[in-house]
Amino acid sequence: MTKSNLLNLKNIALILLLTISISCSTNDVIDSSVDESTLQESTDLTELHAKASCDTSFPNLGPGSPQSCSDVSSPNNKGTLDCRTSESYGGYDNISGGWGRYKIIGGTIRYNNTKTRVERFFNNLSRSPNKETVLTGRFRIYDLSDGNTCIIQSHAGGIIKKGVEALKKNSSAQFLLYARKVTEKGVDKIRLETHVTTNPYTPSGGGRTITNFKTINYGQEYTFRYETGYNSSNTAFSKIKVGGTEKHIVHNHTTERVYTRYGAYGTSDTGDKTAHIQFKDINHCRD
């Protein structure tokens, strides 16, 4: 073989190698099975963790909170466990794949005037302009009762500093994401609703506005992001995102502090009384 023929063979081999390399790289980047909302969530999380402080310590459970179960020694999910449900069905468990399982059953029992709950919660955020907490993770729902069940909520605490019922003491949640069972075209589905306190709960009572948010499937995994805190005007706000659906709320009242809870809270007291929710990859960060 001549030197020129050998050089030509080397050039051909180099071209083939480059073609294969480019083809493989393209296949690695373009994957039609990837959920774009999940990719966006991952980007958001990276940016959030770079600029925020994520919680590594959690509050003690306050007095007057009867517990029906204890937390596991190394829970997959972050936050302080608040467990109030029947011992015959319910509590928190770690399960495979890094998931945490929350199961509750309804009935006539009330726990300090609240319905059954197995939730986790975090330390307060004190009111200050442009300060917020962000709860992120994934969830899936396997069972709902004949009532509805709250899976994410924020509690506004202290004196109402401005807005509706200013100077009165607030005593309830300001935002809740509820799930309830529905049937659409003969198929069992889950309807997510936002419950927003528009008449603050003070000694004189209170009330909420309920809005349909998103319909989802049983057993399917969804990314979520819940932000709450105070905007540049020092007014309370909430922002909820599940998959690609997002809603931003500027609250009509602003209190001294706020904190977030997630898990399973509330079911029907009769009929079908059980609910089962799972969470994983939970982070709670402050910006």
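When GLU193 is tested against (1) at positive phi; (2) modelled with pLDDT of 95 or more, just one condition goes unmet, and that condition is (1). Within segment 133-144, being open to solvent by 20 Å² or more (accessible area, probe 1.4 Å) and either of a type outside the set (Asp, Glu) or in contact with a Phe, Trp or Tyr (Cβ under 7 Å, 6 or more places away or on another chain) (or both) holds for ARG138, ARG140, TYR142.
Candidates in segment 205-251 are the residues that are over 13 Å from the mean Cα position of the chain (by Cα), open to solvent by less than 30 Å² (accessible area, probe 1.4 Å) and aliphatic (A, V, I, L, M); of these, the one that is nearest to ILE141 (Cα to Cα) is ILE216.
Can you tell me which residue within segment 252-286, out of those that are more than 29 Å from ASN94 (Cα to Cα) and open to solvent by 10 Å² or more (accessible area, probe 1.4 Å), is nearest to the chain's Cα centre (by Cα)? This residue is ARG257.
The numbered conditions (1) assigned to a strand (DSSP E or B); (2) of a type in the set (Gly, Ala, Ser); (3) more than 14 Å from ILE141 (Cα to Cα) are all true for ALA264 except (3).
Just one of the numbered conditions (1) part of a loop (DSSP other than H, G, I, E, B); (2) in contact with a strand residue (DSSP E or B) (Cβ under 6 Å, 6 or more places away or on another chain) is not true of GLY271: (2).
Of the residues screened, ARG180 is one that is assigned to a strand (DSSP E or B) and either touching a helix residue (DSSP H, G or I) at 6+ places or on another chain (Cβ under 9 Å) or more than 20 Å from THR260 (Cβ to Cβ) (or both). Of the residues making up segment 75-92, those that are farther than 23 Å from PRO63 by Cα and either hydroxyl-bearing (Ser, Thr, Tyr) or surrounded by fewer than 16 Cβ atoms within 10 Å (Cβ to Cβ) (or both) number 2.
Tallying residues that are open to solvent by less than 60 Å² (accessible area, probe 1.4 Å) and over 18 Å from GLU119 (Cβ atoms) within segment 165-196 yields 8. Checking each residue in segment 44-58 for being at pLDDT 95 or above and in contact with a Ser or Thr (Cβ under 7 Å, 6 or more places away or on another chain) picks out only PHE58.
The values are calculated or read from the model by the stated rules, or taken from the named source; none is laboratory data. Computed from a prediction, not measured in an experiment: that's the story for all the values here. Using ideal geometry, Cβ is built from the backbone for each residue, glycine included, and neighbour counts are taken over all protein chains shown. To get the accessible areas, we keep the full protein, side chains included, count just its heavy atoms, and leave off ligands, DNA and RNA. Shrake-Rupley method; radii C 1.70, N 1.55, O 1.52, S 1.80 Å.
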